[in-house]
Amino acid sequence: MKTQKRMTLKFYQSLGRLFYAIAAADKQVRKVEFNKLKELVREQWLPLDSTEDEYHSDAAYQIEIVFDWLNNEENLNAQACYDAFINYKNEQPHLFTEEVNSLILKTGNTIANAFAGINKSELMMLANLSIELKK
């Protein structure tokens, strides 16, 4: 995948919030959802661009790091994490190309399907995400 704009650490961190929100939409994040996310980061997100963090690791790993950190926090609101992602997307629309948006939806759907299919909470969040990404 080629991108015209260089991604940032904050971009990947925002994705971590979004993917956590999708997994937590039903109030429970399962290990299989996190494992599926890690698989997709390696297969799909790492090749996206060459942005690195301050430790010279691929910045796409920030998706996993933020997801895991949020998952270990108590009393986090999935909707608040989703809203934070949407705010970031609206502030940085140039980073959200058609290819990136497609990968975001693919990742979100795969996480939601990882455990017993997509439930109503996840479905609603994914539908709202699809609408937001088309704006």
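The values are calculated or read from the model by the stated rules, or taken from the named source; none is laboratory data. Quick caveat, the model's predicted, so the values are computed rather than measured. Positions of Cβ are generated from backbone atoms using ideal geometry, with glycine treated the same way; all protein chains shown enter the neighbour counts.
Just wondering, is there one or more residues in region 108-119 that are surrounded by fewer than 20 Cβ atoms within 10 Å (Cβ to Cβ), at pLDDT 90 or above, farther than 11 Å from LEU15 by Cβ and within 13 Å of the chain's Cα centre (by Cα)?
Scanning region 108-119, I find at least one residue that is surrounded by fewer than 20 Cβ atoms within 10 Å (Cβ to Cβ), at pLDDT 90 or above, farther than 11 Å from LEU15 by Cβ and within 13 Å of the chain's Cα centre (by Cα), so the answer is yes.
Which of the residues that make up region 32-51 are over 16 Å from LEU9 (Cα atoms), without any contact (Cβ under 8 Å) to a residue 60 or more places away in the chain and touching a helix residue (DSSP H, G or I) at 6+ places or on another chain (Cβ under 6 Å)?
LYS38
Contact list please: Cβ distance under 6 Å, first residue in region 52-77 and surrounded by 14 or more Cβ atoms within 10 Å (Cβ to Cβ), second residue part of a loop (DSSP other than H, G, I, E, B) and among the charged types (D, E, K, R), pairs at least six apart or on different chains.
Taking only residues 6 or more apart or on different chains, the pairs are ALA59/ASP53.
Mind telling me which of the residues TYR82, TYR88, TYR12, TYR20 ends up being surrounded by 15 or more Cβ atoms within 10 Å (Cβ to Cβ) and over 11 Å from the mean Cα position of the chain (by Cα)?
Going through TYR82, TYR88, TYR12, TYR20 in turn, just one is surrounded by 15 or more Cβ atoms within 10 Å (Cβ to Cβ) and over 11 Å from the mean Cα position of the chain (by Cα): TYR88.
On the given criteria, is ARG6 modelled with pLDDT under 95, under 21 Å from LEU126 (Cα atoms) and either out of contact with any strand residue (DSSP E or B) (no Cβ under 9 Å at 6 or more places or on another chain) or not basic (Lys, Arg) (or both)? Give the derivation first.
Numbers: modelled with pLDDT under 95: yes; under 21 Å from LEU126 (Cα atoms): no; either out of contact with any strand residue (DSSP E or B) (no Cβ under 9 Å at 6 or more places or on another chain) or not basic (Lys, Arg) (or both): yes.
The answer is no for ARG6.
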